[in-house]
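Read through the structure below, which is laid out as structure tokens, and then see the notes.
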């Protein structure tokens with residue numbers, strides 16, 4: 001059986017660039033007005049989100065399972081002049097997340113075939129959010145038009161309410177800011193634009209009550 005690390009290394013090695021290099025639209029929309037702090041970027045890929053965040057004043061810890069993607073991301077960060085604000089870390093998220101508390105934890109399209117324990121990873125991601133901080137989870141809510149059943153039979157694409165339920169958040173500790181679907185135009189493999197339905201869940205950990 002091919003490991004997740006080899007699968008992603010092979011995918012990134014197959015072309016000079018897999019993703020556009022631009023930050024995800026949902027990240028920009030939900031984060032642009034925030035005061036920069038510390039952020040944990042899960043599944044950072046080639047670094048588009050991490051570089052944008054660093055360029056807007058965030059101190060970024062960006063992790064991915066692919067060493068190929070991380071090397072590429074580090075090169076892009078250096079070219080953008082933000083290498084001093086981003087720490088890239090090789091990590092299998094199924095084995096655990098970096099320690100610490102972050103003002104923002106971002107999981108953008110954290111989908112993978114195979115045995116990725118996505119729900120458990122996202123619950124651990126919530127545990128890394130500092131009081132007053134945010135967890136932002138963006139994902140596909142429907143399969144791509146070009147995806148056949150064989151290729152995506154093992155890929156769960158939950159609706160926003162399902163994502164929220166999977167997080168198992170205590171209402172007295174968390175405030176739900178966004179739990180919604182939205183349309184997004186994406187270029188398909190043939191270069192033609194298609195409309196996808198994506199899922200956004202944005203929650204804030206309530207700040208600790210001041211001592212009495």
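Values in this text are rule-based calculations from the coordinates and carry no lab data. Quick caveat, the model's predicted, so the values are computed rather than measured. Using ideal geometry, Cβ is built from the backbone for each residue, glycine included, and neighbour counts are taken over all protein chains shown.
Rounded to the nearest 500, what is the chain's calculated 222 nm mean residue ellipticity when only DSSP H runs of at least 4 contribute -39500 (n - 2.57) each, over all residues?
Working: 7 runs with 61 residues, N = 212.
About -8000 deg cm²/dmol.
Taking the empirical scaling 2.2 N^0.38 Å for compact globular proteins as reference, segment 31-136 has a Cα radius of gyration ratio of 1.00.
Among DSSP beta bridges whose residues both lie in the chain, state the antiparallel percentage, nearest 5.
Details: 20 of 40 bridges.
Of those bridges, close to 50 percent are antiparallel.
Spin-label pair residue 119-residue 34: with each label point 7 Å from Cα along the Cα-Cβ axis, the two points sit 2.5 nm from one another. Which of (1) 32, 18, 15; (2) 26, 21, 17; (3) 30, 19, 18 is the computed semi-axes √(5λ) of the Cα gyration tensor in Å for the structure on display? Only one listed value fits the structure, namely (2). When the Gaussian network model of the chain links Cα atoms closer than 10 Å, the mean-square fluctuations of 49, 25, 198 top out at 25. Available extension along the chain between residue 101 and residue 71 is 8.3 nm, counting 0.36 nm per residue and deducting the alpha carbon span.
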